[in-house]
1. Which trypsin sites (Lys or Arg not before Pro) in the stretch 281-380 pass both tests, a DSSP loop state and at most 10 other beta-carbon atoms within 10 Å?
2. Count neighbours as other Cβ atoms within 10 Å of each site's Cβ, and list the GluC sites (Glu not before Pro) in the stretch 301-380 that are DSSP loop with at most 11 such neighbours.
3. Could you tell me whether the stretch 280-333 comes out rounded, prolate or oblate from its Cα gyration tensor? Rule is a ≥ b ≥ c as square roots of the eigenvalues, rounded for a/c under 1.5, then prolate if a/b exceeds b/c, otherwise oblate.
4. Sort the stretch 290-380 into rounded, prolate or oblate with this rule: let a ≥ b ≥ c be the square roots of the eigenvalues of the Cα gyration tensor; rounded if a/c is under 1.5, and if a/c is not under 1.5, prolate when a/b is larger than b/c, oblate otherwise.
5. Determine ³J(HN,Hα), in whole Hz, for all residues of the stretch 349-360 in sequence, where each value follows from phi through the Karplus function 6.51 cos²θ - 1.76 cosθ + 1.60 and θ = phi - 60°; x replaces Gly and Pro.
6. How large is ³J(HN,Hα), in whole Hz, for each residue of the stretch 338-348 in order, when computed from phi with the Karplus curve 6.51 cos²θ - 1.76 cosθ + 1.60 and θ = phi - 60°, using x for Gly and Pro?
7. Just tell me which lysines come within less than 22 Å, Cα to Cα, of K85; anything on the same chain fewer than 8 places away is out.
8. Cα centroids of the stretch 282-327 and the stretch 155-220: how far apart, whole angstrom?
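The values are calculated or read from the model by the stated rules, or taken from the named source; none is laboratory data. Since this is a predicted model, take the numbers as computed values, not measurements. When we count neighbours, we look across all protein chains shown, and the Cβ atoms used for this are built from the backbone with ideal geometry, even at glycine. The protein model used for the area step is the full one, side chains on, heavy atoms only, and it has no ligands, DNA or RNA in it. Shrake-Rupley method; radii C 1.70, N 1.55, O 1.52, S 1.80 Å.
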Amino acid sequence: MSAESTPEPGTPGEAGTTSGGAADSGPRRHRRQRGRSKGVLIAAWTAAGVVVLGGTGVGYLYFKLNGNIKSVDIDQALGTDRPTKVDNGSENILVLGSDTRSGANKKLGGGTDDGSARSDTAMVIHVYKGHKKASVVSIPRDTLIDRPACTDTSGVTHDAASGVMFNSAYSTGGATCAVKTVESISGIRMDHYLEVDFSGFEKLIDELGGVRVTTSKAIDDPDSHLNLKAGTHTLTGAQALGLVRTRHGVGDGSDLGRIQLQQAFIKALVDQVKHIGLFSDGTKLYNLANTATKAVTPDSGLASLNSLMSFANGLKGIGSANMSMVTMPVRYDPSNPNRVVVAEAKAKQVWAALKNDRPIPKAATEGTATGEAAGVVSSS
């Protein structure tokens, strides 16, 4: 299923169930669960950044790359019933990974091609005024939330639902419903949307020549097809995909631990992109740009090469040292350890900080569920 397609409407009773079954999500889920999250922040710092080809003067290449871009019109579908944009020079981007099992993704993701897709990774990137630093807030897919009513890009309206998993928003109403749900949770308007899938992620990492990381302990997860000894590795695309999908044998085995691995990988990726000399190798730059523009689905505001170039210029000065990465404050659901619920008071501190273009206070994430996988992966 393409990112522009809208899955069949889900029901509140079904929304919390993934392909592995409701009991398969969380610290004690069965090993048959296929962890599927993607390190989709690559879309922001690589997929957009590598398309800066405006200076080449090669019209054919420009139009070919421009033609690769497929977008989704979030603004038109959501209309005016949204948080007010804060005019303080900052920007908020929802980066989302979908786990469709169709096409090339079936081999990478496993499971059944049932024509649907889910958002197993969601990150809100807040770029501060001046575009020199950013905060990233990961939203766990297993978080129980109240999903607002939403209208998808096909004009179909989906009723609101209470106590459903966060990733049901995308399954129910596609990208527009995911954006509206994030805006409902955070009270913050999303200025842009970016989505990437399995096969695109793997190809991008391979085009980059791999990503170098160090693991503090061995990781062996048959479900994500990853087997790494403790030490330093240059990950191929397949290994990188396995790493950002891994949850078993790391930390407490939950999606929160997987988020910690993803965040560490992203920092390693951001550091490496700054030192690989993309602009000294025209062929490599073109190949990477060609892959990136096919892999990423942006909102209509970024649906041209010029728009992506401008977007990339606003991010290129941000390195890992200038990135704060946290998980939306949650706690395990006392009635179901396979789910998490929002730690409301602390989450409000996170969203208030971003809304006011301020750093996220450390107190906002202290004492919340973590996943216990911090330090397992680091930049080399």
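1. Counting only loop positions with at most 10 other Cβ atoms within 10 Å, none of the trypsin sites (Lys or Arg not before Pro) in the stretch 281-380 qualifies.
2. E366
3. Note, shape of the stretch 280-333 comes out prolate.
4. Note, shape of the stretch 290-380 comes out prolate.
5. In residue order, the calculated couplings are 5, 5, 5, 5, 4, 5, 4, 9, 6, 10, x, 6 Hz.
6. With coefficients 6.51, -1.76 and 1.60, one gets 8, 10, 10, 10, 5, 7, 3, 4, 6, 4, 4 Hz.
7. K129, K132, K133, K180, K348, K355
8. 16 Å
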